[in-house]
Amino acid sequence: MSETIAVIGLGYVGLPLAVEFGRQRPVIGFDIRAARIAELREGRDHTLEVPPQELAGALHLTFTADPDDLRAASIYIVTVPTPIDAHKRPDLTPLIRASETVGRVLKKGDIVIYESTVYPGATEEDCVPVLERVSGLRFNEDFFAGYSPERINPGDRAHRLPTIRKVTSGSTPEVADKVDALYAGIVTAGTHKAESIRVAEAAKVIENTQRDLNIALVNELAIIFNRMGIDTEAVLRAAGTKWNFLPFRPGLVGGHCIGVDPYYLTHKAESLGYRPEVILAGRRINDGMGEYVAGQLVKAMLKRRIQVNGARVLVLGLTFKENCPDLRNTRVIDVIRELEGYGVVVDVHDPWADAAEARAEYGVDLVTPQAGDYDGIVVAVAHREFAEAGAAALRRYGAAGHVLYDLKHLLPAEAADLRL
């Protein structure tokens, strides 16, 4: 046993981290949501990232919503969300508030480590001044900082926290060594100690920017191939026979990382007087895919002489990815809103999503669909339940002459009327 760690924010990132450290040493898991603390104390995790047996195995982990309980810690790890606002600008509000919470209990010799995705410089330029102001302590004299970007992939049972190599950094060489050793104790895949906090921040933000751009390229190719009457999946399979071809697929780009992180980098670049053309072009393509999908479905319905205004469409899946309850920044909502703009009545079915959360976040009431009701069916998320049901079962939801649009290439090519 050694010094106590406090994990601030117990979502998809913070909880797995608290559990891993809680196997070895005292950990205080803190969250401002009392309901979240209550469910974790009962051994339940509604995000499904940590099974009950793993929660029970973290013998040294306690949960609290009381900030005063954080005083027992000497290492603080901040894992709160870093979203964007309605204007695609970084919203550091959760990060600043978490820093204020930590600042109130910060003591001499303590270390504050940030895992939230930010633009390069945010830890030392935005967060550390808050810690100094609230605590009255001096940075790199009285307290220290580190940055170790999260690499959690929600719903992925193969790539878990201990098996994903961890980037670490610290505000002094000695603190960098300590932060690296701290994570090395729980990450079996090893660590990479970055040269500075800014390098570690930049490494994180480009991981998802790179993926965003690759998906944007394939989305644009899908639009081109669609106009040419060529099946995109067939093209990608053929190109994939080359050893160094990257296996990206078209789709809606949402979630807490890929659809958000590039805006942190572009915000910082623009603040320095540089407009990043390539990154923003990729974002425009990916942000426009909901409109494109809705337009394709409407055209297909019109070709079948289906009256669009007043038509009923079933959207299968609302979460941002398959086999996961995470609704954060799902771009399926773009398809729904676009269809509603055409006067379409849209029903949404998702066996993984929480109905109350869907209603609160998006105003969407999840339904149990009835056979024969729908003029259009959109397979928007590749949940295993939809794959196991198969095309014939999904088509039973459709009325005569309906259109089945498979965004995820979940069904055989011949089974769908449209594919992205």
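No value in this document is a laboratory result; all are computed from the given coordinates. This is a predicted model, so every value here is computed, not measured. When we count neighbours, we look across all protein chains shown, and the Cβ atoms used for this are built from the backbone with ideal geometry, even at glycine.
What does the charge count near R160 come to, summing +1 for each Lys or Arg and -1 for each Asp or Glu among other residues with Cβ under 11 Å from its Cβ? Walk me through the numbers on the way to the answer.
Working: positive: R151, R157; negative: E20, E49, E54, D156.
Overall, the nearby charge balance is -2.
Within the range 173-279, list the chymotrypsin sites (Phe, Trp or Tyr not before Pro) lying in a DSSP loop whose Cβ has at most 12 other Cβ atoms in a 10 Å radius.
Passing sites in the range 173-279 are W243, F245, Y274.
The range 167-250: which GluC sites (Glu not before Pro) are DSSP loop and have at most 15 other beta-carbon atoms within 10 angstrom? Kindly include the intermediate steps, with their values, before the conclusion.
Values: sites: E174, E195, E201, E207, E220, E233; in loops: E195.
Of the GluC sites (Glu not before Pro), the ones in loops of the range 167-250 whose Cβ has at most 15 other Cβ atoms within 10 Å are E195.
Just to be sure I understand the model, the point goes 7 Å from the Cα along the line to the Cβ. What's the resulting I224 to V199 distance in nm?
Computed distance between label sites I224 and V199 equals 3.7 nm.
Could you please report the charge total around A399, scoring K, R as +1 and D, E as -1 over all other residues with beta-carbon less than 12 angstrom from its beta-carbon?
+2
State, to one decimal in nm, how far the label point of F139 lies from the label point of E388, with both points 7 Å from Cα in the Cβ direction.
Going from the F139 label point to the E388 one covers 5.1 nm.
Could you derive backbone 3J(HN,Hα) for the range 203-219 from the dihedral phi with the Karplus parameters 6.51, -1.76 and 1.60 (θ = phi - 60°), listing whole Hz in sequence and x where the residue is Gly or Pro?
Karplus-based 3J(HN,Hα) across the range 203-219 equals 4, 5, 5, 7, 4, 7, 5, 4, 5, 4, 5, 5, 5, 4, 4, 5, 4 Hz.
Whole-Å semi-axes of the range 282-398's equivalent ellipsoid, largest first, each the root of 5 times a Cα gyration tensor eigenvalue? Present the calculation step by step, with values, prior to reporting the outcome.
Details: eigenvalues 84, 66, 37 Å².
Ellipsoid semi-axes (Å, largest first): 20, 18, 14.
Amide H neighbours of A399 under 5 Å, counting only residues 5+ apart in sequence or on other chains, H built in-plane at 1.01 Å?
Under 5 Å from the amide H of A399 lie the amide H atoms of D373, Y374, D375, each far enough along the sequence or on another chain.
Cross-link candidates for K108: which lysines have Cα within less than 26 Å, leaving aside residues fewer than 8 places away along the same chain?
Here the lysines satisfying the reach criterion relative to K108 are K178, K193.
Could you go through the range 240-256 in sequence order and give the Karplus-derived ³J(HN,Hα) for each residue, using 6.51 cos²θ - 1.76 cosθ + 1.60 with θ = phi - 60°, rounded to whole Hz, and x for Gly and Pro?
x, 6, 7, 4, 10, 6, 8, x, 8, 10, x, x, 7, 9, x, x, 7
Given only helices, namely DSSP H runs of n ≥ 4 each adding -39500 (n - 2.57), what is the per-residue ellipticity at 222 nm of the chain, to the nearest 500 deg cm²/dmol? Please report the intermediate quantities before stating the final value.
Details: 14 runs with 161 residues, N = 420.
The helix-only estimate for the chain comes to -12000 deg cm²/dmol at 222 nm.
What are the residues whose amide H is under 5 Å from the amide H of V167, where those residues sit 5 or more places off or on another chain and H is modelled from the backbone?
H192
Could you order the peptides 159-169, 352-362 from most to least packed, using the average number of other C-beta atoms within 10 Å per residue? Numbers along the way, then the final one.
On the way: 159-169: 18.0, 352-362: 16.0.
Taking the mean over residues of other Cβ atoms within 10 Å, the ranking is 159-169, 352-362.
Please compute the modelled spin-label separation between E174 and T368, points set 7 Å along Cα→Cβ, answer in nm with one decimal.
Once both label points are built, they end up 6.4 nm from each other.
Dipole of the chain, Cα-centred, from +1 at each Lys and Arg C-beta and -1 at each Asp and Glu C-beta, to the nearest 20 debye?
Values: 48 positive and 57 negative charges, 177 e Å.
Dipole size: approximately 860 debye.
Once you charge only the Cβ atoms, +1 for Lys and Arg and -1 for Asp and Glu, what is the size of the charge dipole of the range 1-48 about its Cα centre, to the nearest 20 debye?
Values: 6 positive and 6 negative charges, 9 e Å.
In total the dipole reaches around 40 debye.
In whole angstrom, how long is each semi-axis of the equivalent ellipsoid of the chain, when you take the square root of 5 times every eigenvalue of its Cα gyration tensor and sort them from largest down?
Values: eigenvalues 356, 110, 73 Å².
Equivalent ellipsoid semi-axes, largest first: 42, 23, 19 Å.
Show me the three semi-axes of the equivalent ellipsoid for the range 137-179, from the C-alpha gyration tensor (sqrt of 5 times each eigenvalue), largest first, rounded to whole Å. Display every interim value, and only then the final one.
Values: eigenvalues 170, 21, 7 Å².
Value: 29, 10, 6 Å, ordered largest first.
So the label point goes 7 Å from the Cα of N309 along Cα→C-beta, right? Which residues of the range 325-357 then have their backbone N under 11 Å from it?
Output list for this probe position: 342-344.
Of T241, T172, H409, which is farthest on the positive side of the dipole of the chain, counting Cα position, with +1 on Lys and Arg Cβ, -1 on Asp and Glu Cβ, and the Cα centre as origin?
T241
Treat every Asp and Glu Cβ in the range 100-250 as -1 and every Lys and Arg Cβ as +1, leave all other atoms uncharged, and give the resulting dipole magnitude about the Cα centre to the nearest 20 debye. Don't skip to the end; give the middle numbers.
On the way: 19 positive and 21 negative charges, 113 e Å.
With Lys and Arg at +1 and Asp and Glu at -1, about 540 debye.
Residue by residue through the range 148-158, what is 3J(HN,Hα) from phi via Karplus (6.51 cos²θ - 1.76 cosθ + 1.60, θ = phi - 60°)? Round to whole Hz and write x for glycine and proline.
Coupling constants for the range 148-158: 9, x, 5, 9, 5, 10, x, x, 8, 8, 8 Hz.
Sequence-distant or interchain residues sharing an amide H contact under 5 Å with I77, placed H: which?
Those qualifying (amide H under 5 Å, at least 5 residues apart or on another chain) are A6, V7, I8, I113.
Taking K and R as +1 and D and E as -1, what net charge do the other residues with C-beta under 14 Å from the C-beta of T368 add up to? Let's see the in-between values first.
Details: positive: R396; negative: D347, D350, D365, D373, E385.
Result for the neighbourhood of T368: -4.
Assign one of three labels to the range 38-142, namely rounded, prolate or oblate, based on the Cα gyration tensor with a ≥ b ≥ c the square roots of its eigenvalues; rounded applies when a/c is under 1.5, prolate when it is not and a/b is larger than b/c, and oblate otherwise. It would help to have the intermediate numbers written out before the result.
On the way: a/c = 2.38, a/b = 1.30, b/c = 1.83.
Oblate, since a/c reaches 1.5 and b/c is not below a/b.
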